[in-house]
Amino acid sequence: MKSISLRIILFSLLLSFIGCKQNDGISKTKMENSKNSIQYAKGFEIYKHQGFSIVKITNPWPEAKESFTYVLQEKNAIIPDSLKQFTIIPIPLKSIVVTSTTHIPALELLGVENTLAGFPNTDYISSEKTRKLIDAGKVREVGVNENLNTEVLIDIQPDLIVSFGLNNSNPTLDNLQKSGLKVMLNGDWTEQSPLGKAEWIKFFGALYGLDAKANTLFSEIEKEYNTTLTLAQKATSKPTVLSGAMYQEQWYVPQGESWASLFLKDAQSQYLWAETKGTGSLSVPFETILEKAQNADFWIAPGDFSSLKQMSDSNPHYNQFASFKNKKVYSYAINKGAKGGIIYFEWSPTRPDWVLKDLIKIFHPELLPNHKLFFFQKLE
């Protein structure tokens with residue numbers, strides 16, 4: 001399990017990654033003959049052609065200066081010479097290794113979870129369908145993201161490894177490619193808009209030739225999110241909200257342009273750090289937090305804590321906040337999988353509509369009287 005401090009920072013940053021470099025001049029002609037089918041996501045593009053697709057990862061990591069292009073080849077399709085410099089991936093995939101729990105929901109929703117052959121530290125996976133495959137020995141451990149086990153991966157021989165990079169130095173992934181394995185970068189974690197992050201299901205749909213199914217699934221999520229967003233406009237108040245918790249004398253809160261902050265805004269709440277710039281986390285002295293948020297109506301996502309007592313035992317200063325005294329503290333850490341993995345980190349990127357419904361239920365319960373909280377739970 002990751003530490004409480006890491007969860008706090010991950011929520012603020014993300015809330016919770018090689019291919020060939022893009023040569024825009026060579027592939028531009030092909031792209032001009034097709035329309036990018038991605039609406040909300042800023043980190044990837046898909047261009048459909050007869051017999052093949054071009055997938056361009058435009059934001060593999062924050063502030064990336066390079067992009068990556070892949071060609072997905074259907075059976076017996078002819079790939080133009082101008083595209084043969086890029087990694088060519090035969091589809092549909094029959095086996096895959098993914099490296100983030102955020103990839104698991106897409107595989108399950110598309111009905112291809114049985115193709116998952118390996119994952120780094122399977123204990124992090126919470127979804128019941130995939131856990132059954134793990135328990136049956138059908139999904140192998142492949143090390144950790146920073147040091148994937150090349151020997152195991154060569155033994156598995158997956159059709160594709162979907163990984164991520166934190167910057168342009170990825171020696172582990174370079175070595176895997178030199179070993180003859182196909183590796184594809186995924187940048188879903190860099191997206192900041194709720195629907196932009198969810199739209200990455202189309203990335204996996206393309207890998208399995210299930211574009212139509214992925215489009216339908218995303219359209220349903222989009223409709224649910226936008227319907228809920230419209231419902232939120234009926235709120236007659238905007239409660240004030242505090243987020244995050246202490247770590248080594250500093251309090252980490254989501255910055256105002258982050259994924260987490262946008263949810264709070266869409267749920268018609270007044271997040272007290274909404275005006276800050278940036279998409280990551282902000283380190284704030286405790287005294288500043290207390291001065292600004294002591295009387296906040298709600299406290300959302302206080303790290304990994306699962307009870308008010310656990311919070312106060314960790315830091316007695318938490319008792320000074322009105323939201324704590326009034327028991328209006330809600331955590332994502334209670335709903336866990338069989339091995340302790342937090343379901344919020346796994347499923348929330350794909351189902352932002354569930355996140356938004358939870359927050360509206362918390363802030364404006366009269367608008368969703370029949371909704372049962374899924375990700376967030378009230379701390380007792």
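Filtering the stretch 148-166 to residues that are within 21 Å of the chain's Cα centre (by Cα) and open to solvent by 70 Å² or more (accessible area, probe 1.4 Å) leaves only Leu166. Of the residues making up the stretch 86-129, those that are of a type in the set (S, T, N, Q), in a loop (DSSP other than H, G, I, E, B) and under 16 Å from the mean Cα position of the chain (by Cα) number 4. Just for the stretch 320-349: of the residues that are hydroxyl-bearing (Ser, Thr, Tyr) and more than 24 Å from Thr130 (Cα to Cα), which one is surrounded by the most Cβ atoms within 10 Å (Cβ to Cβ)? This residue is Ser331. Of the helices (runs of 4 or more DSSP H) entirely within the stretch 191-305, those holding at least 2 residues that are open to solvent by 40 Å² or more (accessible area, probe 1.4 Å) and among the hydrophobic types (A, V, I, L, M, F, W, C) occupy 211-232. Do you know which residues across the stretch 361-371 are open to solvent by less than 20 Å² (accessible area, probe 1.4 Å) and either touching a Lys or Arg at 6+ places or on another chain (Cβ under 7 Å) or not in a loop (DSSP other than H, G, I, E, B) (or both)? Once the filter is applied, which keeps residues that are open to solvent by less than 20 Å² (accessible area, probe 1.4 Å) and either touching a Lys or Arg at 6+ places or on another chain (Cβ under 7 Å) or not in a loop (DSSP other than H, G, I, E, B) (or both), the stretch 361-371 yields Ile362, Phe363.
For Asp358, the stated conditions do not hold, so it cannot be described as closer than 19 Å to Glu222 by Cα and surrounded by fewer than 22 Cβ atoms within 10 Å (Cβ to Cβ). Considering every residue within the stretch 105-118, establish whether at least one is surrounded by 19 or more Cβ atoms within 10 Å (Cβ to Cβ) and within 18 Å of Gln177 (Cβ to Cβ). Within the stretch 105-118, one or more residues are surrounded by 19 or more Cβ atoms within 10 Å (Cβ to Cβ) and within 18 Å of Gln177 (Cβ to Cβ). A single entry from Leu116, Leu133 fulfils the requirement of being in contact with a helix residue (DSSP H, G or I) (Cβ under 8 Å, 6 or more places away or on another chain) and farther than 29 Å from Tyr47 by Cβ: Leu133.
Assuming Gly137 fulfils every condition listed in (1) outside any helix (DSSP H, G or I); (2) within 19 Å of Leu110 (Cβ to Cβ) apart from one, which condition is it? It is condition (2) that Gly137 fails.
Name the pairs: first residue in the stretch 159-174 and in a loop (DSSP other than H, G, I, E, B), second residue open to solvent by 70 Å² or more (accessible area, probe 1.4 Å), Cβ to Cβ under 6 Å, at least 6 apart or on different chains? The qualifying pairs are Asp159/Lys94. Criterion first (hydroxyl-bearing (Ser, Thr, Tyr), over 24 Å from Gly280 (Cα atoms) and modelled with pLDDT of 95 or more) does Thr240 satisfy it? Spelling it out, it is not the case that Thr240 is hydroxyl-bearing (Ser, Thr, Tyr), over 24 Å from Gly280 (Cα atoms) and modelled with pLDDT of 95 or more.
The values are calculated or read from the model by the stated rules, or taken from the named source; none is laboratory data. The structure displayed is predicted, hence computed values, not measured ones. All Cβ positions, glycine included, derive from the backbone under ideal geometry; neighbour counts span all protein chains shown. Just the protein is used for accessible areas: all its heavy atoms, side chains included, with ligands, DNA and RNA removed. Shrake-Rupley method; radii C 1.70, N 1.55, O 1.52, S 1.80 Å.
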